[in-house]
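Undergrad: For reference, the structure I am asking about is given below.
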Amino acid sequence: MNPDKREPVVRRYAGNPILTRDDVPYSVATVHNAGVVKANGRYIMVFRAHLFNGRSILGLAESADGYSFKVRPEPFMTPSEDGISGEYEEYGVEDPRICQIDGDFLITYSAYSRHGVRIGLARTRDFTFVERISLITQADLRNVVLFPQKFGGRYVRLDRPHSEISPWSMWISYSPDLVHWGDSKVIVKPAVYHWDEMKIGPGATPFRTENGWLNIYHGVFRTMDGAVYRLGVILHDLNDPSRILGVADEWILQPEDPWEIAGYVHNVVFSCGAVPEEDGTVKIYWGGADKVMCAGTARISDLAAMCLAKPRSPM
Ligand code: BMA
């Protein structure tokens, strides 16, 4: 074998897809785009599921090994019917990301309504009782991931506003209290005639490595057959996550398995969660074609090396 031939960076789990609608004890059309966290040695997955009216709810599944998940009998979060959350979640809740910080699990999710899409922030300690804290963005903005530590006493998030002028890019914002956010600035933009040229967005909650914060993001390329969603990696400075150490030029994962190529939306791999392990690997979770959940592993050092050895310009 030619030693220069690229090996897959992400090794797919042989038992993919790891979760489908057939595993859910209530009626859903899809299971995808799940946030995943490891808590007390167990893996907790909060997944998005389409109902048969096209709107989404969030379900919860648990696992001892990170691959074999059992779904709870009842949904975890359905659109609120009360107050301000009720107004802005009318069309559904989507794409949850979980961040463990100060003993809490914070969940950011897209809240859809007739007014556009905003991001809701909810908090749980035990994945049984969940409280909504606030809507933390205006419309239209999606893909909010929180860093699992504070910087200079402030919470930090990555997000992706929509714009008519600029391709949809990755921004960073800061907050003293999780509710009020500011000091926003753009940090990574799609690259022209590149696999992520149409739009990019944060994916999994970033995790700390010895080289920097690793951010698994999605990038989209428009073809004559529609959009293709792939995953890539970005490395952020450990002390100042607005400083980009490198954006890997090549993607780490693209739709290849049949359930990534065809499903609810074809040609999509989309990640909202990754779990770094003590053996130097990371379990990466992604939705396949917006219909099933898949998993794979990568060596964290390989992902960091891709950002550092062959980066493309962040802007
Ligand atoms: C994005 C979001 C994701 C979805 C992706 C592919 O705009 O809606 O939830 O996985 O499109 O359809």
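The values are calculated or read from the model by the stated rules, or taken from the named source; none is laboratory data. This one's a predicted model, so the numbers in the text were calculated from it and none came from an experiment. Cβ placement follows ideal geometry from the backbone for every residue including glycine, while neighbour counts extend to all protein chains displayed. Side chains are part of the model used for accessible areas, which takes the heavy atoms of the whole protein and leaves out ligands, DNA and RNA. Shrake-Rupley method; radii C 1.70, N 1.55, O 1.52, S 1.80 Å.
Undergrad: So, of the residues in segment 234-287 that are polar (S, T, N, Q) and within 16 Å of the ligand (Cβ to nearest atom), which turns out to be surrounded by the fewest Cβ atoms within 10 Å (Cβ to Cβ)?
TA: To start, the set of residues in segment 234-287 that are polar (S, T, N, Q) comprises 239, 242, 254, 267, 271, 281.
Pick out the ones that are also within 16 Å of the ligand (Cβ to nearest atom) and you get 254, 267, 271.
Numbers: Q254: 18, N267: 21, S271: 25.
Filtering first and then ranking leaves Q254.
Undergrad: Inspect all residues belonging to segment 98-107 and state whether any of them is in contact with an Asp or Glu (Cβ under 9 Å, 6 or more places away or on another chain) and surrounded by fewer than 24 Cβ atoms within 10 Å (Cβ to Cβ).
TA: First pass over segment 98-107, keeping only residues in contact with an Asp or Glu (Cβ under 9 Å, 6 or more places away or on another chain): 105.
Subset that is surrounded by fewer than 24 Cβ atoms within 10 Å (Cβ to Cβ): 105.
Yes, segment 98-107 contains a residue that is in contact with an Asp or Glu (Cβ under 9 Å, 6 or more places away or on another chain) and surrounded by fewer than 24 Cβ atoms within 10 Å (Cβ to Cβ).
Undergrad: Look at A227 and say whether it is outside any strand (DSSP E or B) and either surrounded by fewer than 15 Cβ atoms within 10 Å (Cβ to Cβ) or at pLDDT 95 or above (or both). Show your work before the answer.
TA: Details: outside any strand (DSSP E or B): no; either surrounded by fewer than 15 Cβ atoms within 10 Å (Cβ to Cβ) or at pLDDT 95 or above (or both): yes.
The answer is no for A227.
Undergrad: Okay, moving on. Collect the residues in segment 300-315 that are part of a loop (DSSP other than H, G, I, E, B) and more than 20 Å from the chain's Cα centre (by Cα), keeping them in residue-number order. Before the answer, list the steps.
TA: Initial filter on segment 300-315 (part of a loop (DSSP other than H, G, I, E, B)): 310, 313-315.
Passing the criteria: K310, S313, M315.
Undergrad: For segment 208-218: of the residues being closer than 18 Å to R97 by Cβ and more than 12 Å from the chain's Cα centre (by Cα), which is farthest from the ligand (Cβ to nearest atom)? Walk me through how you get there before you give the answer.
TA: Of the residues in segment 208-218, the ones closer than 18 Å to R97 by Cβ are 208, 213-218.
Filter once more, keeping what is more than 12 Å from the chain's Cα centre (by Cα): 208, 213-214.
Working: R208: 26, W213: 23, L214: 21 Å.
Per the criteria, the residue is R208.
Undergrad: From the list G103, G86, G66, G15, pick out the single residue that is away from the ligand (no atom under 16 Å from the Cβ) and modelled with pLDDT under 95. Full working, then the answer.
TA: Values: G86 fails: modelled with pLDDT under 95; G66 fails: modelled with pLDDT under 95; G15 fails: modelled with pLDDT under 95.
None of the others qualify; the one that does is G103.
Undergrad: Here are some residues: I133, I107, I84. Which one is touching a residue at least 12 places away in the same chain (Cβ under 8 Å) and either over 18 Å from T205 (Cβ atoms) or not in a strand (DSSP E or B) (or both)?
TA: On the way: I133 fails: either over 18 Å from T205 (Cβ atoms) or not in a strand (DSSP E or B) (or both); I107 fails: either over 18 Å from T205 (Cβ atoms) or not in a strand (DSSP E or B) (or both).
Checking each option against the conditions leaves just I84.
Undergrad: Given (1) more than 18 Å from R142 (Cα to Cα); (2) open to solvent by 20 Å² or more (accessible area, probe 1.4 Å); (3) in a loop (DSSP other than H, G, I, E, B), where does P79 come up short, assuming only one miss?
TA: Status for P79: all satisfied but (1).
Undergrad: For segment 211-224, name all the residues that are open to solvent by 20 Å² or more (accessible area, probe 1.4 Å), free of Cβ contacts under 8 Å to residues at least 60 places away in the same chain and of a type outside the set (S, T, Y). Reasoning before the result, please.
TA: Taking segment 211-224 first, the residues open to solvent by 20 Å² or more (accessible area, probe 1.4 Å) are 211, 221-224.
Subset that is free of Cβ contacts under 8 Å to residues at least 60 places away in the same chain: 221-224.
Scanning segment 211-224 gives F221, R222, M224.
Undergrad: D196 passes all but one of (1) touching an Asp or Glu at 6+ places or on another chain (Cβ under 9 Å); (2) open to solvent by less than 10 Å² (accessible area, probe 1.4 Å); (3) over 27 Å from I133 (Cα atoms); which number fails?
TA: (1)
Undergrad: Every residue in segment 257-273 that is more than 18 Å from V28 (Cα to Cα) and in contact (Cβ under 8 Å) with a residue 12 or more places away in the chain, please. Break it down stepwise before answering.
TA: Taking segment 257-273 and keeping what is more than 18 Å from V28 (Cα to Cα), we get 257-258, 260-261, 266-273.
Once the filter is applied, which keeps residues that are more than 18 Å from V28 (Cα to Cα) and in contact (Cβ under 8 Å) with a residue 12 or more places away in the chain, segment 257-273 yields D257, E260, I261, H266, N267, V268, V269, F270, S271, C272, G273.
Undergrad: When only residues in segment 120-157 that are within 16 Å of the ligand (Cβ to nearest atom) and among the aliphatic types (A, V, I, L, M) count, which is surrounded by the fewest Cβ atoms within 10 Å (Cβ to Cβ)? Give the steps one after another, and end with the answer.
TA: Within segment 120-157, the first condition is being within 16 Å of the ligand (Cβ to nearest atom), and the residues that meet it are 120, 137, 139-145.
Filter again for among the aliphatic types (A, V, I, L, M), leaving 139, 141, 144-145.
Working: A139: 17, L141: 20, V144: 26, V145: 27.
Step by step, filter segment 120-157, then rank; the result is A139.
Undergrad: Could you count how many residues in segment 102-124 are aliphatic (A, V, I, L, M) and in contact with a Gly (Cβ under 9 Å, 6 or more places away or on another chain)?
TA: Residues that pass the stated criteria total 2.
Undergrad: If we keep just the residues of segment 30-39 that are among the hydrophobic types (A, V, I, L, M, F, W, C) and touching a Gly at 6+ places or on another chain (Cβ under 8 Å), which is surrounded by the most Cβ atoms within 10 Å (Cβ to Cβ)? Talk me through it step by step, then tell me what you get.
TA: In the first step, residues of segment 30-39 are kept if they are among the hydrophobic types (A, V, I, L, M, F, W, C); the result is 31, 34, 36-37, 39.
Next, only the ones that are touching a Gly at 6+ places or on another chain (Cβ under 8 Å) stay: 31, 34, 36-37.
Numbers: V31: 29, A34: 31, V36: 28, V37: 21.
Filtering first and then ranking leaves A34.
Undergrad: How about segment 163-176: which of its residues are assigned to a loop (DSSP other than H, G, I, E, B) and either open to solvent by 60 Å² or more (accessible area, probe 1.4 Å) or in contact (Cβ under 8 Å) with a residue 60 or more places away in the chain (or both)? Full working, then the answer.
TA: We begin by selecting, within segment 163-176, every residue assigned to a loop (DSSP other than H, G, I, E, B); these are 163-167, 169, 176.
Across segment 163-176, the qualifying residues are E164, I165, P176.
Undergrad: For the condition over 20 Å from L51 (Cα atoms), of a type in the set (A, V, I, L, M) and in contact with a strand residue (DSSP E or B) (Cβ under 9 Å, 6 or more places away or on another chain), what is the one hit in I98, I165? Walk me through how you get there before you give the answer.
TA: On the way: I165 fails: in contact with a strand residue (DSSP E or B) (Cβ under 9 Å, 6 or more places away or on another chain).
When all the criteria are applied, what remains is I98.
Undergrad: All but one of (1) of a type in the set (G, A, S); (2) within 23 Å of R154 (Cβ to Cβ); (3) away from the ligand (no atom under 16 Å from the Cβ) hold for A204; which doesn't?
TA: All conditions pass for A204, except number (3).
Undergrad: Where in segment 1-70 are the strands (runs of 3 or more DSSP E), entirely inside, with at least 2 residues that are of a type in the set (D, E, K, R)?
TA: Working: elements: 32-39, 42-50, 56-63.
The strands (runs of 3 or more DSSP E) meeting that bar are 42-50.
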